[in-house]
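Here the structure comes first, spelled out in C-alpha cells, and everything after it is commentary.
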There are 2 protein chains.
Amino acid sequence: MTPPGPAAPPSPRSALARDKLMRTAERLYAEHGFANVSVRQISEAAGQRNNSAVQYHFESRDGLIKTILSSHTQLVEKHRIAMVEALRGQDTVSLEEHYRCLILPTVEHHIEAGTPAWSARFFAQALVEPALRDYVLQEHLDTPSYRLLNELGGIRRDGVRPELFARHGTMVRQLSVHAFAELEYDLANGRIDPAATEDSWRTLGQDLITALCGLTTALLGPL
Amino acid sequence: MTPPGPAAPPSPRSALARDKLMRTAERLYAEHGFANVSVRQISEAAGQRNNSAVQYHFESRDGLIKTILSSHTQLVEKHRIAMVEALRGQDTVSLEEHYRCLILPTVEHHIEAGTPAWSARFFAQALVEPALRDYVLQEHLDTPSYRLLNELGGIRRDGVRPELFARHGTMVRQLSVHAFAELEYDLANGRIDPAATEDSWRTLGQDLITALCGLTTALLGPL
C-alpha cells in the first residue's frame, strides 16, 4: 500500500493536483476569508473528485495553509538572501538600506507573481488567525534572511529597552504585511489601473521604506 | 405573534441573553478565529438552549459581529468626541495632539474594559475578514470623531498627493488596530505581569503616538 501524502515521492499527476489545490485555496481564502471556505469547497473548486483531497495531500486545512505560506516565503527568501549578502560587504548599513532589504524582496515577489494575486491577503489573514499567528511569526517573518539582516546593525539596539525593541519589531511586521495586503485588495477590486500594477507595487515599497524609517527613528532614536 | 429580534422592545431576559451571546462570541472569536467557531458553539457556550439564538437575536453571524463592533465603537467615540471638542478651541493642533486624540480614547476604553478582554483581537480579525473589511473601515474607523479630528489640521494635507494621503491613512489604521490586538494577545497569554496591565496600555498608547508622529512626518513632510 502506498503511504499517503507528502511521504511518497509525488507522481506528476499528484504534484499537479497539489499545486491546483494550493492555488485554489489561496484564492478562495483571500477573497472570502478562512471562515467562509470549507476544505470541501476547495477540493471541488480545484476539480478534485475526491472530497478528502486536502486531507490526502496536506493532512489538514492547517497543513494546506502552511504549505502555501512556505511556497511564498521560499521565493521571498531567495531574493532577500542575495540582497543581505550584498550588504554584508559594507562597513556600515544605514536604516534605509536595512528597510530596502526588508521590503524590496517582497515587492519583487509580488511583481513576479503578476495579477490577479492573492498571497498578500492570504498572508495577512494567516497572521491574524489565532491558531496560526505564532507559526507565521516564527516560520515566515523571523526567517534566516531577516535574522542575518538584523545582525548588520541597520537598526539601533544600543540603549533601547528590550520591550520597546520587541514592540518596534511587531509594528514593522504588522505595517508591512497589512500594507501589501491592502494594495493587493485594491488591485483585485479594480481600484487601480491594471497597467499601473508594477508601478503601484514599487511605489508602495518606497512609501513603506520611508514610513518605516520615520517610525523607527522616532521610536528608537537615530542610529 | 411577537416579531423576532431587534424590532421588538427587548425584555430584560432577552437583553441579558443578547449581552451574553455578544460577550461569548467576542471571546470565542478572539481566541479561536472566525473560522473555528460556529454560531451553534456560541449559543451553547452562552447557555442558550435554542441553537438558533444567534439568528433570533442578531439575524446572522455578521449581524452579531456588527453589533459587537458597534458596542465598542460607541464607547470609544464618547471619549474621542470629548477630546476633539476640547481641541477645537485651540488656534492650531499639533501632530502629537492629533495622535493623542486618535489613540488615547482607545487606550482608555481598554483600561476600562479590564482584563481578560477580547475586543482588540476581535476588531483586528474583523478588519482582515474580506466580507467585513469595508464595513469596519466605514463604520468603525471613519467615525464622526475621526472626521472631525481630521478637520482640525493636525495632519498635513497641502501639497500631498491624494493617493499618498489615502495610503498614509491606511497605514495609521492598520498599525493602531493591530498594535492594540498584539498587546491584548500578550496580556491574555500571560506574557505581561497582570499587575502592569494599565501601565502596559498607557505605554503602548505613548509608543504608538511616537511611532505615528515619526511615520507621518517622514511620509507627508512636516506640518
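Computed from the coordinates by the stated procedures, all read-outs in this text should not be read as laboratory data. A quick note: this is a predicted structure, and the numbers were derived from the prediction, not measured. A quick note on method: Cβ atoms are made from the backbone with ideal geometry, for glycine too, and the neighbour counts reach across all protein chains shown.
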Can you give me the angle between helix A:61-88 and the longest principal axis of chain A, using Cα atoms only, in degrees from 0 to 90, rounded to the nearest 10?
30 degrees
Reachable aspartates and glutamates from B:Lys20, criterion Cα separation under 12 angstrom, eight or more residues apart if same chain
B:Glu44
Restricting things to alpha carbons, find the Rg to Rh ratio for the protein assembly as shown using the Kirkwood radius for Rh.
0.98
Considering the alpha-carbon set of chain B alone, what are its Rg and its Dmax in angstrom?
19.1, 63
Counting only C-alpha contacts under 8 Å and six or more residues apart, can you give the relative contact order of chain A as a whole percent?
23 percent
For the stretch A:9-59 and the stretch A:76-105, what is the separation of their C-alpha centers, rounded to whole Å?
35 Å
Evaluate the Debye formula for the stretch B:1-59 with equal point scatterers sitting on the alpha carbons, no solvent, and hand back log10 of I(q)/I(0) at q = 0.24, 0.27 Å⁻¹, in q order, two decimals.
-0.95, -1.13
Within the stretch B:37-58, which residues have the backbone N less than 16 Å from the label spot 7 Å out from B:Ala131 along Cα→beta-carbon, could you tell me?
B:37-42, B:54-56, B:58
Mind checking the angle between helix A:119-128 and chain A's longest principal axis? C-alpha axes, 0 to 90 degrees, to the nearest 10.
80 degrees
Chain A: angle of helix A:95-113 to the longest principal axis, Cα-based, in degrees nearest 10
20 degrees
Sort A:Ser38, A:Ser119 so that the residue with the fewest other Cβ atoms within 10 Å of its own Cβ comes first and the one with the most comes last.
A:Ser38, A:Ser119
State, to one decimal in nm, how far the label point of A:Glu112 lies from the label point of B:Leu148, with both points 7 Å from Cα in the Cβ direction.
5.1 nm
Among the trypsin sites (Lys or Arg not before Pro) within the stretch A:37-87, which fall in a DSSP loop and have no more than 10 other Cβ atoms within 10 Å of their own Cβ?
A:Arg49
What helix-only [θ] at 222 nm does chain B give? Using -39500 (n - 2.57) per DSSP H run of at least 4, over all residues, to the nearest 500, the answer is -22500 deg cm²/dmol
